[in-house]
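Written below as structure tokens is the structure these notes are about.
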Amino acid sequence: MELKFIDILGQRMGYRESAGSGPELFLVHGNSQCGETFFNQLEGPLGRRFHLFAMDLSGHGASDSPVDIASRCSFPGHREAIVQMAQALLSGPTLFVGHSLGGHLLIESSPRLEHMAGLLVFGTPPLALPPRLDLAFCADGEVNTRIFSGILRPDEIKDWAARQFWKQTPNATTLVERMISETHPMARPALGKSAEQGDFVDEQKILESLSVPLAILHGERDALIHGDYFKGLSFPTLWNGAITILADVGHCPHLEDPETFDNIIVQFAQHCGLFTP
């Protein structure tokens, strides 16, 4: 994978690009991670078969920290950056893939993503308005506080990273720890304030009218998301008419079981018409 930079709304933003020349995939990471979280996909068979772009959100990874961080790291700010970067980089039908926060942002941005041929989200419970965060997310006060906290202690970073995995994955856990520590400390509070101000969009309403194929993946052992929240959810274009449950993985299946995760991406990309076998 190659780290590149592009000017988006006057800010230098980073993204990683795979060597593949096939159909395009646009990947968006979760809170306090960055595009590097998709290194298995970028550097592996998926990245050689498809042309992958993995952006760094404002205040994350290699993207410059914006002066107006309260605005650029808000929900509307992140959505606008996604739309602008997608318009600048993409050239044809694209499968958009979002993890956790990235999934929420892609759902909310989808009406403006003109290249979208399909949408796949994971670690992302689609929220309605008003959002029932208590039903969607596990009620762990410590983790919930860290999601929107500024400077975190080393032990808090380690604990937050460890809770995102079900299996023992030392290398992946270390990567997540590093990405959390390298995130601008004001990016999380800016996002939290944006949430308090009600900057959400009704994601379920958007998905009800989505015209492209939709896949929602959920790690069976995800300690951050309530699995029961997905019961009863149904959307017109939902792949196989059901939420796809991934066995024996937590919040980060792309890191915990990349082979299974990548196979699902390929199957869904085919379903979206991005290629024929």
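Please find, within the range 226-270, the residue that is surrounded by the most Cβ atoms within 10 Å (Cβ to Cβ) out of those that are modelled with pLDDT under 95 and farther than 16 Å from residue 107 by Cβ. Among residues in the range 226-270 that are modelled with pLDDT under 95 and farther than 16 Å from residue 107 by Cβ, the one surrounded by the most Cβ atoms within 10 Å (Cβ to Cβ) is 226. Within the range 150-182, if we keep just the residues that are over 16 Å from residue 254 (Cβ atoms), in contact with a Leu (Cβ under 9 Å, 6 or more places away or on another chain) and not β-branched (Val, Ile, Thr), the residue that is surrounded by the fewest Cβ atoms within 10 Å (Cβ to Cβ) turns out to be 181. A single member of 123, 103 is buried (at least 18 other Cβ atoms within 10 Å of the Cβ) and either hydroxyl-bearing (Ser, Thr, Tyr) or touching a Leu at 6+ places or on another chain (Cβ under 8 Å) (or both), and it is 123.
Would you call residue 146 surrounded by 13 or more Cβ atoms within 10 Å (Cβ to Cβ), modelled with pLDDT under 90 and farther than 18 Å from residue 201 by Cα? Considered against the rule, which asks whether it is surrounded by 13 or more Cβ atoms within 10 Å (Cβ to Cβ), modelled with pLDDT under 90 and farther than 18 Å from residue 201 by Cα, residue 146 comes out as yes. Condition check for residue 173 on (1) part of a helix (DSSP H, G or I); (2) more than 15 Å from the chain's Cα centre (by Cα); (3) β-branched (Val, Ile, Thr); (4) over 20 Å from residue 37 (Cβ atoms): one failure, at (4).
Residues that are more than 17 Å from residue 102 (Cβ to Cβ), in a helix (DSSP H, G or I) and of a type in the set (A, V, I, L, M, F, W, C) within the range 188-230 comprise just one, 230. Among the conditions (1) touching a residue at least 40 places away in the same chain (Cβ under 8 Å); (2) crowded, with 17+ Cβ neighbours inside 10 Å, residue 223 misses just one, which is (2). Candidates 19, 86, 62, 70: the one that is buried (at least 19 other Cβ atoms within 10 Å of the Cβ) and not aromatic (Phe, Trp, Tyr) is 86. Among the residues of the range 231-273, just one is in contact with a strand residue (DSSP E or B) (Cβ under 9 Å, 6 or more places away or on another chain), at positive phi and not in a loop (DSSP other than H, G, I, E, B), namely 240.
Could you look through the range 43-59, keep only residues that are closer than 17 Å to residue 86 by Cβ and not small (Gly, Ala, Ser), and pick out the one that is surrounded by the fewest Cβ atoms within 10 Å (Cβ to Cβ)? By that ranking, first place goes to 51.
Set side by side, the residues 130, 126 differ, and just one is in a loop (DSSP other than H, G, I, E, B), modelled with pLDDT under 95, closer than 30 Å to residue 234 by Cα and not charged (D, E, K, R), which is 130.
The values are calculated or read from the model by the stated rules, or taken from the named source; none is laboratory data. Just so we're clear, the structure is a prediction, and the values are computed from it rather than from any experiment. All Cβ positions, glycine included, derive from the backbone under ideal geometry; neighbour counts span all protein chains shown.
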